[in-house]
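To start, the structure under review is shown below, and the notes come after it.
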Amino acid sequence: MASQKTSILKIIAELLIVFVGVYGAFELNRFQQNNREIAIKESYFNSFMSELVKLTSDIKNTQNVIDNRISTFESELENGQKPILQPLNLHFLAPMLITRAGFNDDVFTQLNPGLAASLSGGYDNVQIVSQHIADFNAICNRQLISNEPISFYDISGKLKPEFDWYLTGLKRLQNYVGSLSDMINTGAIPATKKLIEDFK
């Protein structure tokens with residue numbers, strides 16, 4: 001009887017050990033999987049933050065080119081000069097393309113729904129600015145580049161109406177790029193920074 005009781009206790013102890021072992025292995029696997037997911041997210045958002053910082057630098061450089069051109073052009077017109085209309089060949093570098101992909105709501109919805117909501121419309125804003133820059137470059141190339149001399153001013157020294165698009169286009173780009181800069185600096189960067197801090 002005592003031997004049967006001992007045998008039952010031994011079986012229960014073995015089952016308990018098996019259960020604890022299996023449960024422990026399951027929990028360890030879940031812990032490791034969770035750590036892998038956190039590491040993937042952290043790596044993604046660190047990379048994204050790096051691209052955002054590069055993008056803000058590109059935006060700042062582009063803003064400076066546009067601001068300087070507008071300021072110089074208007075100043076010369078006011079002083080009775082005849083500034084030459086010239087292509088600026090504006091563009092953003094690789095981070096624009098990378099960040100455009102990062103702004104895709106599907107990616108953020110999977111990784112962090114809250115951040116996706118805070119960046120709603122970011123992808124579209126980047127697309128819009130990119131397209132307006134491309135359009136401005138295209139019209140500059142069509143109308144300002146020629147093998148023949150171009151007459152930008154009439155006999156009274158005023159800019160011809162058919163070239164009004166130049167300053168108007170620059171000011172429109174100034175607004176679009178400024179809006180994108182505000183969105184990145186007051187929305188995307190703080191939100192991403194907070195998310196990265198939460199991983200620590």
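The values are calculated or read from the model by the stated rules, or taken from the named source; none is laboratory data. Note that the structure is predicted; figures quoted are calculated from it, not measured. When we count neighbours, we look across all protein chains shown, and the Cβ atoms used for this are built from the backbone with ideal geometry, even at glycine.
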For the stretch 79-94, check the following and say yes or no: at least one residue is closer than 30 Å to Asn141 by Cβ and modelled with pLDDT under 65. yes
Taking the stretch 75-86 on its own, how many of its residues are assigned to a loop (DSSP other than H, G, I, E, B), of a type outside the set (D, E, K, R) and either exposed (fewer than 15 other Cβ atoms within 10 Å of the Cβ) or without any contact (Cβ under 8 Å) to a residue 12 or more places away in the chain (or both)? 6
When only residues in the stretch 150-188 that are of a type in the set (Lys, Arg) and part of a helix (DSSP H, G or I) count, which is surrounded by the fewest Cβ atoms within 10 Å (Cβ to Cβ)? Lys171
Which one of Thr99, Thr72, Thr62 is closer than 30 Å to Ile38 by Cα and either in a helix (DSSP H, G or I) or modelled with pLDDT under 80 (or both)? Thr99
